[in-house]
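The values are calculated or read from the model by the stated rules, or taken from the named source; none is laboratory data. The model shown is predicted, which means the values in this text are computed figures rather than measured ones. Counting neighbours? That spans all protein chains shown, and the Cβs are built from the backbone with ideal geometry, glycine included. Protein only, heavy atoms only, side chains kept; ligands, DNA and RNA dropped before computing areas. Shrake-Rupley method; radii C 1.70, N 1.55, O 1.52, S 1.80 Å.
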Amino acid sequence: MLTMLTTMPIAIFMLTLLANFSGVLGLPSLPPVPSRIKDEIAGYKSVANDIINLSVYGKAQNQSYLRLAEFVDTFGSRIAGSQNLENAIDYMLKAMEADGLENVHGESVMVPHWVRGNESCTMLEPRQYKVAIMGLGSSVGTPPQGIKAEALVVHSFDELHSRASEAKGKIIIYDQGYVNYGVSVAYRDLGADEAAKVGGVAALIRSVASFSIHSPHTGWQDYKDNTTKVPTACIAVEDAEMFSRMAARGTKIVLKLKMEAKNLPDAKSRNTVAEIRGREHPEQVVLVSGHLDSWDVGQGAMDDGGGAFISWQALSLIHRLGLRPRRTLRAVLWTAEEEGLVGSNQYYQRHKSNISNYDLVMESDIGTFTPTGIMFTGSSNAKSIMTEVLSLLKPINASQLLDHAEGGDVSFWISAGVPGGSLANQNEKYFWFHHSDGDTMSVQDPHAMDLCSAVWAVTAFVVADMEDMLPRH
């Protein structure tokens, strides 16, 4: 999941929205659905049940989980610019074609190529101690000999600037605490830049995580053009809190930071595309998606292997049942999401001339835990219709329509007026594992993935097969 400050609402507020919205009953009243459309949607009950039964109880049970497990065990992490990501994309193209999907292809994208290299941080005073760190994406490295400096511990940008006279030549440590992801991620995104403004020589940021077992969490960060680029990394919550206690006692902290991080020239990658071609309006599209790239730690199973694989599975289920909707169902597995929605932005630029033919765009990038429904952005009339569509998911308790889809990679389409959806799920533990070595297959649950696949498939198929596209007004 992308977490740049500039796109923060796209992927971050989804988590808080799950707590703040209780479904369509908590929203302003919606216009009634015309009886013709209501009856049409009700007519999909049998098909919806067929999809649910195949995914959750039938021959496709556990399939998305097992496919994902084989994938991440084979390739592991898949950072943009790496040959490993390209090998993984080759694998997916072959697998989706072998699954019987249509028009399987890769669409070229130029992506950033950041390499972590070796990295370490050692506390030299008041004692020898190895600090748990993870360099942040796009960070520069230190000189080969590293940076040895006293540390200044602060808890906010305001405190940093109020103590600017103390900051020159020091390694700035941010122990900003955890409010929620949308607030706390600003320190990871902008911590290095703010440190450089006051003469800091490096920035170490408390990992943006709601829970920690001494596990640093990486992510993207931003440099401004008019400030010096200083090395930056996240540190484990426990270490940040230790440094705060030491500083509060007046203890001098001296650190030595070594980072080999470097930014290489942009590299060629691909968005991965597969379809079930529409039988009546093949030019019209319902899009489901997740991103195939990940950070270079863990396995990228949760972020966002799960989202990518339920998008494949949605088409797989529909194909297996011999269904062909009126409109084209398209799965896109994005590349270089973590570096700033790079693949999805280039896809949008390439295809936006056909924006009037995009019926619904959906992305799953906030976990594939037990689903509760769909988060949706669209007109009031479209919300009313989607409420009826989601009612088909009552058998698996996933019928809530929540307001405000903020789906990262599909945000370009949503901002331009295309109805958009995101997977709502019970993801309270998402940030325990996010962008860390803990993002492995052990986070995933096969039954939850079956349910998520059913939600994705039922929603996509019914919208793609209805007589009319979702209204934009």
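Summary of values
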read-out: Positive-end extreme of charge dipole, region 98-256 - chosen from VAL179, SER108, PHE157 (charges on Cβ); value: PHE157
read-out: Degrees separating the helix 342-351 axis from the principal Cα axis of the chain, which is the longest one; value: 40 degrees
read-out: Entries in LYS352/LYS429; LYS45/LYS352; LYS130/LYS252; LYS262/LYS352; LYS170/LYS224 that, when Cα-Cα distance is taken, lie over 27 Å; value: LYS352/LYS429; LYS45/LYS352; LYS262/LYS352
read-out: CD proxy at 222 nm, helix term only [per DSSP H run n ≥ 4: -39500 (n - 2.57); per residue of the chain; nearest 500]; value: -10000 deg cm²/dmol
read-out: Accessible area in the full protein assembly, largest first, 1.4 Å probe, for SER415, SER138; value: SER415, SER138
read-out: Protection proxy ranking of 332-343, 176-187, 209-220, 156-167 - average other beta-carbon atoms within 10 Å, highest first; value: 332-343, 209-220, 176-187, 156-167
read-out: Nearest-0.05 FRET efficiency for TYR57 and LYS429, computed from C-beta distance (R0 25 Å); value: 0.45
read-out: THR370, THR142, THR232, reordered so the largest accessible area comes first (probe 1.4 Å); value: THR370, THR142, THR232
read-out: Length-normalised contact order for the chain - Cα pairs under 8 Å, 6+ apart - percent; value: 24 percent
read-out: Of all accessible heavy-atom area on the chain, the percent that carbon and sulfur account for (1.4 Å); value: 50 percent
read-out: 5 angstrom amide H check on LEU402, placed H, neighbours 5+ away; value: ILE374, MET375, PHE376
read-out: Accessible surface of CYS121 - all protein chains present, 1.4 Å probe, nearest 10 Å²; value: 0 Å²
read-out: About the Cα centre, charge dipole magnitude for the chain (Lys/Arg +1, Asp/Glu -1 at Cβ), debye; value: 520 debye
read-out: Heavy atoms of TYR91 accessible to a 1.4 Å probe, total area in Å² rounded to 10; value: 60 Å²
read-out: Estimated dipole of region 100-207 in Debye, rounded to 20 [Cβ of Lys and Arg +1, of Asp and Glu -1, Cα centre]; value: 460 debye
read-out: With DNA, RNA and ligands ignored, accessible area of LYS252 (1.4 Å probe; Å², nearest 10); value: 100 Å²
read-out: Relative contact order computed over region 297-452 (Cα-Cα under 8 Å; 6+ residues apart), in percent; value: 36 percent
read-out: Counting DSSP beta bridges with both ends in the chain, the antiparallel % (nearest 5); value: 55 percent
read-out: Residue-normalised accessible area of the chain, expressed per residue, 1.4 Å probe, Å²; value: 37 Å²
